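The values are calculated or read from the model by the stated rules, or taken from the named source; none is laboratory data. Just so we're clear, the structure is a prediction, and the values are computed from it rather than from any experiment. Neighbour counts run over all protein chains shown; Cβ positions are idealised from the backbone, glycine included. For accessibility, only protein heavy atoms count, side chains too; no ligands or nucleic acids. Shrake-Rupley method; radii C 1.70, N 1.55, O 1.52, S 1.80 Å.
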Amino acid sequence: MTTPPPGPRRGALALLASTQLLLIMDTAIVNVALPSVGEDLGSGADGLSWVANAYLITFGGLLLLGGRVADLLGHRRVFLGGLGLLAVASAAGGLAPGADALVAARAAQGVGAALAAAAAFALLLLLFPDGPARHKALGAFAAMGGLGGVLGTVLGGVLTDLLGWRATFWLNVLLAAVLAVLAVRVLAPRTGAASGGGFDLTGALTATAGLGLVAYALVGGAGAGWLSARTLGAGGAGLALLLAFAAVETRAAAPLVPPSVLARPALRLANVLAALAQTTLFPMFFLVSLYLQSVLGYAPLGGGLGLLPLSLVVVAVAPQTGRIIFRIGLHRAMTLGFVLLCAGTLWLALALTPDGTFASTVLAPSLLLGAALPLVMVTTNVAATAEAAPEETGLASGLVNTGQQFGSVLGLAVLVAVATSRTGDTAGAGARAAAETAGFRAALLTGAALAALAALLSVRLHLPERAAAPEDRVPDPY
């Protein structure tokens with residue numbers, strides 16, 4: 001059993017939510033800097049893609065292991081270790097002499113991010129019991145995540161233009177160091193103390209390798225081809241290792257993921273819904289920014305600022321999500337969120353035109369999507385963690401974060417492939433803009449269909465009475 005810190009929980013929440021902002025921002029900020037990286041290091045498109053993909057693969061592959069390690073070694077300790085590794089890897093990226101060294105640094109960044117993310121979310125679950133207090137805390141996480149995507153895009157453009165792409169990595173070093181110092185001051189030494197028990201080494205190896213190979217196949221499929229030998233081999237090997245992991249868990253004395261946990265129907269469905277939410281949301285940010293730049297002619301900074309209204313709505317709605325859940329219930333709030341996500345994505349897809357403007361195409365539907373994002377993120381996180389015992393907080397964190405990360409990777413790979421398949425080779429600026437718009441529209445329609453599927457599945461989610469009943473008498477830490 002863990003001991004809550006004696007200090008105010010508001011400071012701890014600000015720290016943990018700021019960590020979420022840093023991790024989301026890190027993905028966006030480097031993506032904006034990639035063209036400058038290619039020019040400076042002489043790397044081609046394939047090499048540049050792995051500067052982004054190396055981070056996604058290790059981040060997605062190690063979240064589950066990171067959550068379990070946090071349960072065993074202590075959440076505060078693993079959180080600080082993850083931030084430290086992230087800072088060191090970021091410094092290595094800032095000093096990288098070539099593309100290979102930069103890819104290695106990005107992979108190490110992903111390891112640090114996985115440890116920090118899993119431990120941070122587990123700490124939030126420990127500090128805020130299920131009910132209104134946790135709903136507000138998760139709302140703050142959602143707000144910072146939405147803000148991080150846009151802030152990363154804007155800062156990536158500004159820093160790259162003014163100081164060069166290496167400055168984006170040194171910013172990570174500074175922010176991770178500041179957060180680590182604050183964590184020592186804000187989090188009590190025994191926050192998230194080790195829960196004891198053995199460690200399932202075989203399960204850890206098969207799960208991590210399996211998830212890593214599946215992530216490798218997903219992020220590499222769009223470039224190398226879905227039916228290429230490399231993609232099929234990695235995907236097949238990853239799935240085989242995950243099957244081996246499932247078999248190992250039934251026999252392990254201290255399993256990484258106890259079968260009894262996965263036997264909970266509500267937990268399984270909540271994690272699927274969390275993944276589906278990101279399958280639509282994450283590529284939507286990328287596609288909108290790309291549409292604004294490649295079709296409407298915005299500069300990279302302008303493309304990032306085009307997402308600012310959406311983020312402002314997220315920041316405004318997220319703190320109210322707990323109140324919405326209290327008034328209409330978790331089940332209805334989740335379904336409402338997915339319906340709004342489907343409607344907003346569908347509206348955006350139908351609004352896109354080759355000769356439109358930001359105000360006529362992106363602005364209005366993006367505001368609706370800004371309201372949907374915190375609803376789906378908070379409600380799926382609440383449902384995925386509602387049944388977690390204190391000693392399972394890291395495991396619950398690892399599971400839901402893994403689902404969200406793989407939803408992001410899968411959504412980006414599939415929706416970008418859909419968009420690319422509709423674009424083809426076209427001559428002339430007008431024809432090219434029309435083809436690209438058609439591709440973006442097809443991708444967003446696919447995302448809307450996935451959101452509709454999630455809305456239908458959310459109707460089937462029913463938490464057990466004990467987990468579903470919010471602790472309405474928990475004192476509000478705000």
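Brief remarks on what is shown
- Residues considered: ALA114, ALA89, ALA119, ALA70. Of these, the only one that is touching a His at 6+ places or on another chain (Cβ under 6 Å) and either surrounded by 24 or more Cβ atoms within 10 Å (Cβ to Cβ) or not aliphatic (A, V, I, L, M) (or both) is ALA119.
- LEU375 being open to solvent by 30 Å² or more (accessible area, probe 1.4 Å), over 30 Å from VAL158 (Cβ atoms) and hydrophobic (A, V, I, L, M, F, W, C): no
- Applying the condition of being modelled with pLDDT of 85 or more and among the basic types (Lys, Arg) to the stretch 420-478 and asking which residue is most open to solvent (accessible area, probe 1.4 Å) yields ARG460.
- Filter pass, GLY152 being small (Gly, Ala, Ser), under 25 Å from LEU287 (Cβ atoms) and under 19 Å from the mean Cα position of the chain (by Cα): yes
- So ALA333, is it farther than 30 Å from ALA33 by Cα, of a type in the set (Gly, Ala, Ser) and either open to solvent by 20 Å² or more (accessible area, probe 1.4 Å) or under 19 Å from the mean Cα position of the chain (by Cα) (or both): no
- Search result, residues across the stretch 260-281 that are at pLDDT below 85 and open to solvent by 10 Å² or more (accessible area, probe 1.4 Å): SER260, LEU262, ALA263
- The stretch 344-372, residues that are within 19 Å of the chain's Cα centre (by Cα) and open to solvent by 10 Å² or more (accessible area, probe 1.4 Å): ALA371
- Filter result for VAL295 (closer than 30 Å to PHE128 by Cα and open to solvent by less than 60 Å² (accessible area, probe 1.4 Å)): no
- All positions within the stretch 388-403 that are open to solvent by 30 Å² or more (accessible area, probe 1.4 Å) and in contact with a Pro (Cβ under 9 Å, 6 or more places away or on another chain): GLU392
- Number of positions in the stretch 31-55 that are of a type in the set (A, V, I, L, M), at pLDDT 80 or above and within 18 Å of the chain's Cα centre (by Cα): 2
- Of the set (1) open to solvent by 30 Å² or more (accessible area, probe 1.4 Å); (2) modelled with pLDDT under 80; (3) within 12 Å of the chain's Cα centre (by Cα), all apply to THR27 but (1).
- Residue check for THR19: modelled with pLDDT of 80 or more, open to solvent by less than 10 Å² (accessible area, probe 1.4 Å) and of a type in the set (Val, Ile, Thr): yes
- Close Cβ contacts (under 8 Å, 6 or more residues apart or on different chains) running from residues in the stretch 229-250 that are over 16 Å from GLY61 (Cα atoms) and touching a residue at least 12 places away in the same chain (Cβ under 8 Å) to residues that are open to solvent by 50 Å² or more (accessible area, probe 1.4 Å) and part of a helix (DSSP H, G or I) comprise VAL248/THR202; GLU249/PRO259.
- Filtering LEU308, LEU301, LEU312, LEU341 for residues that are closer than 29 Å to ALA419 by Cα and open to solvent by less than 10 Å² (accessible area, probe 1.4 Å) leaves a single hit, LEU341.
- Exactly one residue among GLY67, GLY84 is of a type outside the set (Val, Ile, Thr), more than 11 Å from ALA119 (Cβ to Cβ) and touching a residue at least 40 places away in the same chain (Cβ under 8 Å), and that residue is GLY84.
- Just one of the listed residues (PHE285, PHE326) is of a type outside the set (Ser, Thr, Tyr), over 13 Å from VAL378 (Cβ atoms) and either in contact with a Gly (Cβ under 9 Å, 6 or more places away or on another chain) or not in a loop (DSSP other than H, G, I, E, B) (or both), and it is PHE285.
- Per the listing ALA383, ALA417, the residue uniquely open to solvent by 20 Å² or more (accessible area, probe 1.4 Å), modelled with pLDDT of 80 or more, under 24 Å from the mean Cα position of the chain (by Cα) and small (Gly, Ala, Ser) is ALA417.
- For the stretch 347-378, filtering for residues that are under 22 Å from SER294 (Cβ atoms) and part of a helix (DSSP H, G or I) leaves 15.
- Some residue of the stretch 91-107 being more than 28 Å from PRO258 (Cα to Cα), among the β-branched types (Val, Ile, Thr) and touching a residue at least 12 places away in the same chain (Cβ under 8 Å): yes
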